[in-house]
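Enquirer: Pasting a structure below so you can have a look.
The values are calculated or read from the model by the stated rules, or taken from the named source; none is laboratory data. No experiment lies behind these values; they were computed from the predicted model shown. Heads up, the Cβs are rebuilt from the backbone with ideal geometry, glycines too, and the neighbour counts pull from every protein chain shown. Calculation scope for accessible area: heavy atoms of the full protein, side chains included, ligands and nucleic acids excluded. Shrake-Rupley method; radii C 1.70, N 1.55, O 1.52, S 1.80 Å.
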Amino acid sequence: MTEGNGHVIDPAGEARRALQAVVAAHGAQALSNAVIMDGICRDRLGGLPGEAILIGSATRSDVPALLRERIGREGTYGAIQSVAATLAQAHALDSAACLWVVREFARALGIVASGGTQPPARAGSEAGSGAGGLTDQGDAMPPGGAEPPGGPAGGAPAGGVAAGGAPAGGAPAGGVPAGGVPAGGPAPGALPARSWVPSRNVLGIAAAIALVAVYLGVAAAAHVSPFPAKTVASSTSQGQGQSSVGNPSPVGSPDPAPDPDPDPDPDPTPPSPFDTLLNMIPSSVQGTSNNCSNNGTAFGATAVADCTGLQGLAATAIIYYLFSDTGALSNGFSAFLTKSDFPASAQSCTTNSQFSAFITNCRDTYTSTSPATSGFVAEYVDKDNDPVIVSTDSRQLVMAVLIGTNDANLLAYWQPLQWINS
């Protein structure tokens, strides 16, 4: 499958195998866990950054839950297309790429077949013609999101015309009964009746060939002429199961079939939540002496990193919190402000929609285009009269509490989002 820009998505199937391995190791719920999926993408899909971004976006939008919600009323393929459209709109992603990642999530969940690629659609058929949407590696998507037809692949529908022009049921085109001549002679323009019936000579030759094939099969099994039994040397290489004539296979054992989908890489151990959080903290904050320490969990977070003793930054300390989903992130933000005695009724932090100055006891939302993210923000002064900015990054599910000494400098440091890796 390709994106709108012509990029081939997951050409070797690495992303597909990674998703299936995650479900096998951690269960289907892992596909909704941003911490686990970020670790899998980093360990297994380092060479596929585009696919990793798509998987991360699908995880954070909880594609498995969206599929389960919509399949009942829209059907399997209708739900896949609907969820892909939702994902593309929510994250400003290519629609074809979103269709690919939603289908791969559906494969890993067992909603659609998880095998290899299907045979390409026949010329002139609706599947693969573009009417039913994009397909990946030959998988045909029915038009309009409908379920795939129930008839045999490539066969004719009930009562329809089979490939080659013959109606279903075996009757040739033109109303000729199977194996016979149309009543009243051939129809105008039709082939003579003889062209529909094999000659006796042809049938006799076919029967002779079949008899010879049966005899050769029996002869090979019984080791009679022309298939005498092979003489196998009595001495074999002990412990190797190989005959002295150089047969590389064990005596009496067929060669094993090759693995159709080899995956020699062992499933990686998911990183800890604290390690995942450290990857989101800029090196300027962590410093060369590891300024950030593991501070357990709080306010519903899965990990907390306490970064203190910062040098050369407007913030003297930054505390980072990692959450499992957007709901936990929002609840953690509110719980932190309540714990900090933040007033229930706070004014807006913006002036003419701009963060032009530090405003004590304000609470608002923000949107950034570079990096592309959004979240909540609040400003207040703590008990030591130090300015504090607490904000969230909805893209990476992180909350950061910035503590400084000069409110204007602290706001200037926060505004370009230097406190979080993009």
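Enquirer: Leu313: surrounded by 15 or more Cβ atoms within 10 Å (Cβ to Cβ), more than 29 Å from the chain's Cα centre (by Cα) and free of Cβ contacts under 8 Å to residues at least 60 places away in the same chain, yes or no? Explain how you work it out, then say what you get.
Expert: Working: surrounded by 15 or more Cβ atoms within 10 Å (Cβ to Cβ): yes; more than 29 Å from the chain's Cα centre (by Cα): yes; free of Cβ contacts under 8 Å to residues at least 60 places away in the same chain: no.
Spelling it out, it is not the case that Leu313 is surrounded by 15 or more Cβ atoms within 10 Å (Cβ to Cβ), more than 29 Å from the chain's Cα centre (by Cα) and free of Cβ contacts under 8 Å to residues at least 60 places away in the same chain.
Enquirer: Moving on. Out of Ala79, Ala52, Ala90, which single residue is open to solvent by less than 60 Å² (accessible area, probe 1.4 Å) and either of a type in the set (D, E, K, R) or under 30 Å from Ser368 (Cα atoms) (or both)? Walk me through it before giving the result.
Expert: Details: Ala79 fails: either of a type in the set (D, E, K, R) or under 30 Å from Ser368 (Cα atoms) (or both); Ala90 fails: open to solvent by less than 60 Å² (accessible area, probe 1.4 Å).
Exactly one residue qualifies, and that residue is Ala52.
Enquirer: Right, another one. Spot the failing condition for Ser368; the list is (1) within 35 Å of the chain's Cα centre (by Cα); (2) surrounded by 23 or more Cβ atoms within 10 Å (Cβ to Cβ), and only one is missed.
Expert: Going through the list (1) within 35 Å of the chain's Cα centre (by Cα); (2) surrounded by 23 or more Cβ atoms within 10 Å (Cβ to Cβ), Ser368 breaks only (2).
Enquirer: Can Thr405 be described as surrounded by fewer than 15 Cβ atoms within 10 Å (Cβ to Cβ) and either more than 39 Å from the chain's Cα centre (by Cα) or among the acidic types (Asp, Glu) (or both)? Explain how you work it out, then say what you get.
Expert: Values: surrounded by fewer than 15 Cβ atoms within 10 Å (Cβ to Cβ): yes; either more than 39 Å from the chain's Cα centre (by Cα) or among the acidic types (Asp, Glu) (or both): yes.
Yes.
Enquirer: Show the residue pairs that are 6+ apart or on different chains and have beta-carbon atoms under 7 Å apart, the first residue being within region 273-300 and under 12 Å from Leu322 (Cα atoms) and at pLDDT 90 or above, the second being open to solvent by less than 30 Å² (accessible area, probe 1.4 Å) and in a helix (DSSP H, G or I).
Expert: Listed by first residue and then by second, the contacts come to Pro273/Val35; Thr276/Val35; Thr276/Gly39; Phe299/Gly332; Phe299/Phe336; Gly300/Ala328; Gly300/Gly332.
Enquirer: Next question, about the same structure. Look at Leu31 and say whether it is in contact (Cβ under 8 Å) with a residue 12 or more places away in the chain, within 25 Å of Leu329 (Cβ to Cβ) and part of a loop (DSSP other than H, G, I, E, B).
Expert: Values: in contact (Cβ under 8 Å) with a residue 12 or more places away in the chain: yes; within 25 Å of Leu329 (Cβ to Cβ): yes; part of a loop (DSSP other than H, G, I, E, B): no.
Spelling it out, it is not the case that Leu31 is in contact (Cβ under 8 Å) with a residue 12 or more places away in the chain, within 25 Å of Leu329 (Cβ to Cβ) and part of a loop (DSSP other than H, G, I, E, B).
Enquirer: Can you list the strands (runs of 3 or more DSSP E) found entirely within region 310-422 that contain at least 2 residues being farther than 25 Å from Asn279 by Cα and in contact with a Ser or Thr (Cβ under 7 Å, 6 or more places away or on another chain)?
Expert: Values: elements: 315-322, 362-369, 372-381, 387-393, 398-404.
Filter on region 310-422 gives 362-369, 372-381.
Enquirer: Listed residues Leu402, Leu417, Leu410; which is modelled with pLDDT of 90 or more, closer than 20 Å to Val285 by Cα and out of contact with any helix residue (DSSP H, G or I) (no Cβ under 9 Å at 6 or more places or on another chain)? Full working, then the answer.
Expert: Numbers: Leu402 fails: out of contact with any helix residue (DSSP H, G or I) (no Cβ under 9 Å at 6 or more places or on another chain); Leu417 fails: modelled with pLDDT of 90 or more.
It is Leu410.
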